[in-house]
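*Asks:* Below: one structure in structure tokens.
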Amino acid sequence: MKNRLCLLLCIALLAACSPTPPASFANTDLTGATFAQRLALDDHHGHKRTLADFHGKVVVVFFGYTACPDICPGTLARLAGVMQQLGPEAERVQVLFVSLDPERDSAEHLKTYVPWFHPSFLGLRGDAAQTKEASEEFRIFSARKEVEGELGYVLDHSTGAYVFDPAGRIRLYVKDSASVEDIVADIRLLLKG
């Protein structure tokens, strides 16, 4: 009996000393990744923005362009749904839409397009060189494809979003097929710390 009690006490102590298991995310965990560390572009109000401007918030970074026929508006709509489900917690989340199309996506155009999905969303843009630098830093693929009609060209591009924790560390990759519920659950984990 005494041995059994001692054994149970040892098991309880070992369980109490074991580290807390890491958070289990629904989306792809990128904790410790060494890319996507720098971003310096103008927002749609004309202010220079960096990732450091948003420390203390979960930041979602999505690359796209306003003339995108399907993926970009669908992703922005899904992220607006995330903000709605987060309720008051949404104040601690910042969505950044980074334009891959500096030729057509002026600050004025981004200013009308991006906040249409949610008033807190910011559109970021740069010139061609800045856009290329940001794309390379975030490992974003983008290729111009000439098409018939009014658009003249479309961009084939990477479709996922990156999520940073409140300390400014890259933590997640969210596929364009991720559900609102999974994104909300992951953001809440990051907000808890």
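*Asks:* Can we say Arg104 is closer than 18 Å to Asp43 by Cβ and in contact with a helix residue (DSSP H, G or I) (Cβ under 8 Å, 6 or more places away or on another chain)?
*Replies:* No, not satisfied.
*Asks:* Which residue out of Gly149, Gly168 is part of a loop (DSSP other than H, G, I, E, B) and either modelled with pLDDT under 95 or over 12 Å from the mean Cα position of the chain (by Cα) (or both)?
*Replies:* Details: Gly168 fails: either modelled with pLDDT under 95 or over 12 Å from the mean Cα position of the chain (by Cα) (or both).
One residue alone meets the criteria, Gly149.
*Asks:* Output the residues belonging to the stretch 152-165 that are more than 12 Å from the chain's Cα centre (by Cα) and farther than 24 Å from Asp53 by Cβ. Outline the logic, then answer.
*Replies:* Residues of the stretch 152-165 more than 12 Å from the chain's Cα centre (by Cα): 152-158.
Hits for the stretch 152-165 are Gly152, Tyr153, Val154, Leu155, Asp156, His157.
*Asks:* Go through the stretch 29-80 and give me each residue that's loosely packed, with under 14 Cβ neighbours inside 10 Å, β-branched (Val, Ile, Thr) and in a strand (DSSP E or B).
*Replies:* The answer is Thr50, and nothing else.
*Asks:* Quick check on the stretch 121-146: of everything there that is out of contact with any strand residue (DSSP E or B) (no Cβ under 7 Å at 6 or more places or on another chain) and not in a helix (DSSP H, G or I), which residue is farthest from Ala67 (Cα to Cα)?
*Replies:* Checking each candidate, the answer is Arg139.
*Asks:* Can you spot a residue in the stretch 119-136 that is closer than 25 Å to Asp182 by Cα, surrounded by 12 or more Cβ atoms within 10 Å (Cβ to Cβ) and in contact (Cβ under 8 Å) with a residue 60 or more places away in the chain?
*Replies:* Scanning the stretch 119-136, I find at least one residue that is closer than 25 Å to Asp182 by Cα, surrounded by 12 or more Cβ atoms within 10 Å (Cβ to Cβ) and in contact (Cβ under 8 Å) with a residue 60 or more places away in the chain, so the answer is yes.
*Asks:* I'd like to verify a number: residues in the stretch 81-97 that are in contact with a strand residue (DSSP E or B) (Cβ under 9 Å, 6 or more places away or on another chain), free of Cβ contacts under 8 Å to residues at least 40 places away in the same chain and either among the β-branched types (Val, Ile, Thr) or in a helix (DSSP H, G or I) (or both), how many?
*Replies:* Total satisfying the criteria: 2.
The values are calculated or read from the model by the stated rules, or taken from the named source; none is laboratory data. Here the structure is a predicted model, which is why all the values come from computation and not from measurement. Note: ideal-geometry Cβ built from the backbone for every residue, glycine included; neighbour counts use all protein chains shown.
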